[in-house]
Each structure stands twice: as structure tokens, then as C-alpha cells.
Amino acid sequence: MDWQEHAARLAAEVTGPVSRWREPVASVPRHELVPRWWTRADGGGWVLHDGPSAPDDWTRAAYSDTSLVTSVGGLHADHAKPDDRPEGLPTSSATHPGLVVRMLRHACITDSLELLGVGTGAGGLTAYAARRLGASRVTSVDVDRYLTEAAAERLERMGLRPQFVACDATGPLPGVYDRLVATVSVRPLPASWLAALRPGGRLVTTIANTSLILTAWKGEDGGAVGQIERDWAGFMKTRAGADYPPRLWEVHPSVRDQEGEEITTGRYPVLNLADAWELRSMLEITTPGVETYYEERGRERTAWLLHEDGSWARASATWTDPPTVHQGGPRRLWDALERIRNRLNAEGSLPLYGSRVEITPDGVCHLSRGKWTAKID
């Protein structure tokens, strides 16, 4: 494959003309990192794509600013058979190159620093950073040993030999660094991440179940001070094994259509919270651990909120009509969402993005903006 022209076009798309990340993106043969990948099938499940057997599709996918899912439910595309149809959540991917560059830019990287990347995935961030900093200054960790081994082998073919370590990223980390950039999301923030930074080091990560990018500079006291960036990103959550635990939707199927302990009429139209990033993020900060689901059938919209404490809500309506809301369990989850929507309508914005963050050495994040405060722990 004559990949250089495609990589240069991708680099021009995701970096500015004077960006120090343009050359790294242009010099990495991204297709070699993703020889096989998954896409969602129309009827559910996933369909396998094999790059070498469809070179045009491979080129188009690899050199677009798109995330390519490489593992679903623990089944990596490299190990799959053509007729495999896994179900479940993605567990690994090759992240959008543009998003990788944005995360690296948030890290304020200079050429003499040592970088730890948390979440190896397909190895894209590691490859770009190794091109920029030199491979000896870059380390990447992932809970999945196959991912670290595959990325190490593929980067070595490019002449890059950064260090790869298979470990649980929420536990102790292998070394001390000037920058830590995570392409997995967390809640709570592991104390080991701050411990792995030198004083004056910088942390860049995202908070699980939100689109929040948190950046912070580590102080001499072991804590850190930073902010929630006015930017958006979403990454898979850290995991301890090959797959994620079953979702509440699967564990408690009765909430899909059961009568609520309380039935009311909602104030606002039903929406898909997965697409309403600011609302979804605020709900996660104020009411942690809520899972969200959404369905459209013609003009009928239904949204569900579930929590492991047994709280649940279901709201259904025709298009933008006021919904009928069923709620049960110890808390009223739809009421919590509507309080956020009330504030957004009354004030025109929410205080979350742009808020100040103070992180204690044990990883507790204290957010504030004006009179508003919140905690991530």
C-alpha cells in the first residue's frame, strides 16, 4: 500500500500547519496498527473487516479521522473468524487520530519529557509520541497483554521500540514520568496516577460516563490543580479483565416495561442522553453510576435510567410531547435529570465545563466554579 500520501492527508486534517504533531501523524502507517476491525451490523452485533483482503476499504478506514473498534466483548478482531458476530461493548479501539492529537496537546508536551500513555489500544498514541519524543521516552500500559504485545510488535516493524507493560492501570504503575495521558476513562481517579508523576508533571484524562477532559499540574505536596477543559472526549472505561461486567440493562430486564412506583408527566421532551454530552456529564457528576438507554420506534421515544442501588426511570413520549415517566427504587433518577435541565434553561449553561479542579494525593477531585461545587471520588 502506498500509504504516505494518505497519512499526509490525515495529518493535514487533524493538525495545524505549524503543529509539532503533523510530522508524527504523517509518518505513522496507521493501517499496520489496524489490520482487522469491527463495525456494527444493521440488525445488531458486529461485523468483521479484514484489511488485507479489501485494500481500498482498509485505506479508507485507516486514514480517516475515525475510531476503529478492534475488540468487542473481549474478542479481538485479530483472533476472530469471518462469521463471528460478537455482542456487547467495545473493549479496545484505534482512537480517532484527531482526538489522540488533542489529548497530547492538552498535555503540553515538550521534546525532553518522559510520557506514560494509559490504555495502549491499537498503539496510535504511543506511535505518535515515540516519533515526537523518541521511543526511549515513551511507555504505554494496558490491562490486556495481547494489546501491549501486538502494539510492540507492530511499532517495532516501524523502527519504534517504546516500553510496553501489561498491568492494571488503576494499580501501581511502572515508573515516574513528566506527563500522563490516558485514553481510557476513570472514576475514581487512581491515586497511583498522581504518584507516577514527578512534581510539575501534568495529567490528562477523562472521567468515566462523561465527556469531561480533566487536566492538572502536580504540586510539591503530591496533589494537583487544574480544570475541566472546555473540550469534549469520550473513552472506554478502565477494566480489570477481558470484558466489562454485565450491564444493569441485562441484569434487571423488568424495568424495560414495568409499572413505576411513581408515575408522573415530565416537563421536557425525551432525549438520548448519550448524544446530550453536557447533560449526561452533569448527571454523572451529581448522581454517579447511572446507566442510560434510549430507543426510537417511528415517532415514539423512550429513555431509561438505571442505577445499581435499584433506582430506575423510564420516560416515553411521542416525539417532543411531555413524556409519561415511571420511576422506582430509592431515588427518583428522572427528577435528578430534570433538575439539571431546569438549571440549564434558567441559566443558559451549566457550571461543569471550565470549572477549577483540586486533586488530593489520594485522587479525590474537588470541582468548583462560582458558588457551585462537586466532588469526584
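Quick check: the distance between the Cα centres of the range 308-331 and the range 22-80, to the nearest angstrom? Cα centres, the range 308-331 to the range 22-80: 37 Å.
Once the dipole of the range 250-377 is set up with Lys and Arg at +1 and Asp and Glu at -1 on Cβ about the Cα centre, which of Thr264, Gly310, Ser368 lies farthest towards its positive end? Value: Ser368.
The residues of the range 293-357 present an accessible area of 46 Å² per residue when probed at 1.4 Å with all protein chains retained. For the range 182-282, the Cβ-based charge dipole about the Cα centre amounts to some 460 debye (Lys, Arg positive; Asp, Glu negative; other atoms uncharged). Rolling a 1.4 Å probe over the protein chains gives Ile340 an accessible area of about 10 Å².
Counted by Cβ distance under 14 Å from Pro330, the other residues give a net charge of -3, where Lys and Arg count +1 and Asp and Glu count -1. Ordering of 342-349, 135-142, 10-17, 359-366 by packing is 135-142, 359-366, 10-17, 342-349, highest average first (other Cβ atoms within 10 Å, averaged per residue).
With θ taken as phi - 60° and the Karplus curve 6.51 cos²θ - 1.76 cosθ + 1.60 applied, the whole-hertz 3J(HN,Hα) list for the range 36-47 is 9, 7, 10, 10, 5, 7, 4, x, x, x, 9, 10 Hz, x standing for glycine and proline. Can you give the angle from 0 to 90° between the axis of helix 145-157 and the longest principal axis of the chain, with both taken from C-alpha atoms, to the nearest 10? Helix 145-157 sits roughly 40 degrees off the main axis of the chain.
Per-residue packing, averaged as other Cβ atoms within 10 Å, sorts the ranges 100-108, 179-187, 145-153 into the order 179-187, 100-108, 145-153, beginning with the highest.
Simple point charges give the picture: +1 on the Cβ of Lys and Arg, -1 on the Cβ of Asp and Glu, and for the chain a dipole about the Cα centre of about 1020 debye.
In the chain, the portion of solvent-accessible area held by carbon and sulfur atoms comes to 49 percent [1.4 Å probe, whole percent, DNA, RNA and ligands not counted]. Projecting the Cα atoms of Thr215, Ala166, Val225 onto the charge dipole of the range 151-242, computed from C-beta unit charges around the Cα centre, puts Ala166 farthest toward the positive end. Taking all protein chains into account, the per residue accessible area for the range 14-110 stands at 44 Å² (1.4 Å probe). Near Glu23, once Lys and Arg are set to +1 and Asp and Glu to -1 for all other residues with Cβ below 10 Å from its Cβ, the sum equals +4. Relative to the longest principal axis of the Cα atoms of the chain, the long axis of helix 333-347 makes an angle of roughly 80 degrees. Shown for the chain: lysine pairs separated by 8 or more places, or found on different chains, whose C-alpha atoms are under 25 Å apart, numbering 4. Let a ≥ b ≥ c be the square roots of the eigenvalues of the Cα gyration tensor of the range 118-259; is it rounded (a/c under 1.5), or, if not, prolate (a/b larger than b/c) or oblate? Oblate, because a/c is 1.5 or more while a/b does not exceed b/c.
Would you mind getting the Kirkwood hydrodynamic radius of the range 212-342 from its Cα pairs, rounded to one decimal in Å? The Cα-based Kirkwood calculation yields 16.5 Å. Any idea what angle helix 4-14 forms with the longest principal axis of the chain, computed on alpha-carbon atoms, 0 to 90 degrees, nearest 10? The angle comes out near 40 degrees. Put a plus charge on the Cβ of each Lys and Arg, a minus charge on the Cβ of each Asp and Glu, and nothing anywhere else: the dipole of the range 63-138 about its Cα centre is then about 280 debye. Among residues other than Val72 with Cβ under 10 Å from its Cβ, the summed charge is -1 (Lys and Arg +1, Asp and Glu -1).
Heavy atoms of the protein chains alone define the surface here; on that basis the range 206-277 has 54 Å² accessible area per residue at 1.4 Å probe size. One quarter of the surface of the convex hull around the alpha-carbon atoms of the chain equals 19.7 nm², the direction-averaged projected area. Protection proxy ranking for 210-219, 299-308, using the average of other Cβ atoms within 10 Å per residue and placing the highest first: 210-219, 299-308.
The values are calculated or read from the model by the stated rules, or taken from the named source; none is laboratory data. If you're wondering where the values come from, they're calculated on a predicted model, not measured in any experiment. Virtual Cβ from ideal backbone geometry, glycine too; neighbours counted across all protein chains shown. SASA here: full protein model, heavy atoms, side chains in, ligands and nucleic acids out. Shrake-Rupley method; radii C 1.70, N 1.55, O 1.52, S 1.80 Å.
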